[in-house]
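First comes the structure, then the notes that go with it.
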Amino acid sequence: MTRIITALLLIPFIAWVTLASPHWVFMAVLAITGLLAYSEFDHIAAAQGIARAGIPGMAAGLALLFAPNTAVVVVLIAMLGMTLALRVNDLAAAMPAAGAFTLGIIYIFGAWHCAADLRAINPHWLLFAMLLSWGGDIAALYIGRPFGKHKMAPRVSPAKSWEGAAGSVAGGMLVGGIYAHYLIPQAPLVQALALAAAGNIAGQLGDLCESALKRGAGVKDSGTLLPGHGGWLDRIDSSLFSVPAVYALLKLF
């Protein structure tokens, strides 16, 4: 019940921020959620014995989020990560420290930069990209629990099944197709369904990847700020993959 109440409070707010809020409010929400998720990522890295990025990582993340030229910023972030890794006592830990620093920033703030670019194309495309995972999660729950027989990634997420994953894709395509039909009518239905399938699959991969990070660190949730959901990284892990996937495919095709 706590999980449902949290979702019911978050979804209308996210829809308003995505579709109707002023640009500065939208960017502020991206920045705040990005910082919260990055802090949780940093704790997961620390739980695996990797030097925390801390304030420099957060500052670099904000620079990437607001940068007009992301390619240059990504290179500078990699350089900064390698430079900061020189502070570790054991130089065998320098590469993991530099890698985690750069990965966390691109993973979270790079995805949110794609969200800003996707909203600039059409706010409905951004909400479309996020709905794919929400609708897919519901479908996966109702299909995976009664019919899930074949484990998809037992080492990473034992509860997930191939049947649930297929249900998630179908649910994402259903929700995405309906949303695009009514609110993005200029998009051909075939294109919308293809984007929905790709975005949902990307979102499922995002969820699995975050689960792998947590399992490697020996933690159940990335945080405790969202009752019933865990942390912010737990809540947005699917969107961190689905949003860039939809944006990339729209730009490509």
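The values are calculated or read from the model by the stated rules, or taken from the named source; none is laboratory data. The shown structure was predicted, so the numbers you read here are calculated from the model rather than taken from an experiment. Glycine gets a Cβ as well: all are built from the backbone with ideal geometry, and neighbour counts include every protein chain shown.
Can M27 be described as in contact with a Leu (Cβ under 6 Å, 6 or more places away or on another chain) and either surrounded by 13 or more Cβ atoms within 10 Å (Cβ to Cβ) or within 29 Å of M130 (Cβ to Cβ) (or both)? Lay out the reasoning, then the answer.
Numbers: in contact with a Leu (Cβ under 6 Å, 6 or more places away or on another chain): no; either surrounded by 13 or more Cβ atoms within 10 Å (Cβ to Cβ) or within 29 Å of M130 (Cβ to Cβ) (or both): yes.
Against the criterion (in contact with a Leu (Cβ under 6 Å, 6 or more places away or on another chain) and either surrounded by 13 or more Cβ atoms within 10 Å (Cβ to Cβ) or within 29 Å of M130 (Cβ to Cβ) (or both)), M27 does not qualify.
Please verify whether G167 is surrounded by 16 or more Cβ atoms within 10 Å (Cβ to Cβ), assigned to a helix (DSSP H, G or I) and at pLDDT below 95, treating the condition exactly as stated.
Criteria met by G167.
Do we find a residue being closer than 21 Å to G206 by Cα, touching a Gly at 6+ places or on another chain (Cβ under 7 Å) and not in a helix (DSSP H, G or I) anywhere in region 38-52?
Yes: region 38-52 contains one or more residues that are closer than 21 Å to G206 by Cα, touching a Gly at 6+ places or on another chain (Cβ under 7 Å) and not in a helix (DSSP H, G or I).
If you check Y179 against the conditions, is it part of a helix (DSSP H, G or I), more than 17 Å from the chain's Cα centre (by Cα) and aromatic (F, W, Y)? Show your work before the answer.
On the way: part of a helix (DSSP H, G or I): yes; more than 17 Å from the chain's Cα centre (by Cα): yes; aromatic (F, W, Y): yes.
So Y179 fits the description; yes.
Filter region 132-161 for residues that are of a type in the set (A, V, I, L, M, F, W, C) and over 24 Å from L213 (Cα atoms); which is farthest from the chain's Cα centre (by Cα)?
F147
So if I check each of A192, A187, which one is under 19 Å from L249 (Cα atoms), out of contact with any Pro (no Cβ under 9 Å at 6 or more places or on another chain), without any contact (Cβ under 8 Å) to a residue 12 or more places away in the chain and surrounded by 15 or more Cβ atoms within 10 Å (Cβ to Cβ)?
A187
Go through region 82-102 and report how many residues are assigned to a helix (DSSP H, G or I), surrounded by 12 or more Cβ atoms within 10 Å (Cβ to Cβ) and touching a residue at least 24 places away in the same chain (Cβ under 8 Å).
Adding up the residues that qualify gives 8.
State which residue pairs qualify: first residue surrounded by 22 or more Cβ atoms within 10 Å (Cβ to Cβ) and inside region 39-57, second residue of a type in the set (S, T, N, Q) and not in a helix (DSSP H, G or I) in any location, beta carbons under 9 Å apart, and separation of 6 or more residues or different chains.
E40/S222; F41/S222; I44/S222
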